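Derivation of every value follows stated rules applied to the coordinates shown; laboratory data play no part. This structure is a prediction, so every number in the text was calculated from the model and none was measured. We place every Cβ from the backbone using ideal geometry, glycine too, and count neighbours over all the protein chains shown.
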Amino acid sequence: MSSAPHSEYRRVSAQPDEHQLLRSLIDAGDAFVSGSDLAKMIGLSRPAVWGKIKKLQESGFEIEAVRNRGYRITAQPEVLHPTLLQIAAEDCGLEMDCLYFPVLDSTNNEAERQIANGRAGPFAVLSSCQTKGRGRLGREWFSGSAENLYLTVTYEPRLPSQKLQHFTLWCGIQICRALQALLPDNRLEIKWPNDLHCAGHKFAGMLTEAKLDADGLKALFFGLGLNVNSNPVTFPKELHNRATSLQAISGKALSINAVAALALKAIQDAYNICIQNPDTESNALLEAWKPYDGLFGREVVTEQAGQTIKGIARGIDSSGALMLDAAEGKQASIRAGDVTLSQF
């Protein structure tokens, strides 16, 4: 965990009066909302409402103001915004505190600091920029664009670790299910165990970390890096042929706050599946995995205990391990490690 003090990073919170104002304008759609109605609802004067409108305009909202008609939103910021995030979370039924930081070293690090300072799970940490974003095996995760999503969801299960052994796989399934509704013409896939792909290009990575004690899982940190509206040509050169974004896939920009809320709800659903369905989870996992299996039938290679194993991927077993048809008719069960596509 980073040794950076908790006070080094600035959290930005949704303000109640701003929330009421934006909720009213968003719910109105293309219709105008009068200044007097907004003033009455929030409990402020009309000049004070106008002051808040100007502040929203300065933060990236395009709000049309017409005398004797009122206000309406014509465009919203294309980056994470704590109030828009809160509204999107409410709209999808998410019940979880969402802590937004414009800049962090990493959301997983901040989640650990929050736990160490007494915040109870579940909660989510989100940021527009990570200076030390990381993926599996300590690898760096490109995290410099506010057009992308960086988040960590934290739980305090107090359960045996076996109870949540499939959590990462279920998160991949549930996130793909949620995003597939936004991208109906494109097949989203999971590259076992923790990468999300479309047409051979990675658009998201997952990282699960845990703290254990004698009672089992003390804290569980699920990190997600999701490329939302970035242009892949702006990625580091080594990622140009390997990475993509939801906008590049769909051909249109998506609301990053709505995508964040959908992803958080999907993670919560994955956690609930693991907690609430211990007897049927394995069978349900096998069936849920199949539509998103990005490796099935493909030639792959992995390293296990210093040995290179090549084979044809055959899905997962009830433990979540990757099954391979290896050399000489043998089967291999891969429980951890990197798996890459192979050219035999």
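Numbers for the structure displayed
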{"read-out": "When each of LYS163/LYS191; LYS202/LYS237; LYS132/LYS237; LYS310/LYS330; LYS202/LYS252 is checked by Cα-Cα distance, pairs over 21 Å", "value": "LYS163/LYS191"}
{"read-out": "Degrees separating the helix 256-276 axis from the principal Cα axis of the chain, which is the longest one", "value": "50"}
{"read-out": "Between 0 and 90°, nearest 10: helix 167-180 axis offset from the chain longest Cα axis", "value": "50"}
{"read-out": "Fewest-first ranking of LYS55, LYS265, using other Cβ atoms within 10 Å as the exposure measure", "value": "LYS55, LYS265"}
{"read-out": "All lysines inside 27 Å of LYS40 as judged from Cα atoms, apart from same-chain residues fewer than 8 positions distant", "value": "LYS52, LYS54, LYS55"}
{"read-out": "Solvent-free Debye scattering, log10 I(q)/I(0), computed from the Cα coordinates of region 244-344 at q = 0.10, 0.16, 0.17, 0.18 Å⁻¹", "value": "-0.42, -0.89, -0.94, -0.98"}
{"read-out": "Total formal charge among the other residues, if their Cβ is under 12 angstrom from that of GLY93, Lys/Arg +1 and Asp/Glu -1", "value": "-3"}
{"read-out": "Anchor LYS211: aspartates and glutamates whose Cα lies under 14 Å away (excluding residues fewer than 8 positions away in-chain)", "value": "GLU112, GLU156"}
{"read-out": "At most 13 other Cβ within 10 Å, DSSP loop - GluC sites (Glu not before Pro), region 1-105", "value": "GLU95"}
{"read-out": "Between helix 16-28 and the chain: long-axis angle, C-alpha atoms, 0 to 90°, nearest 10", "value": "90"}
{"read-out": "Where labels lie 7 Å past Cα in the beta-carbon direction, separation of VAL12 and ALA210 in nm", "value": "3.6"}
{"read-out": "Rule-of-thumb Rg ratio for region 101-233 [Cα; 2.2 N^0.38 Å; N residues]", "value": "1.07"}
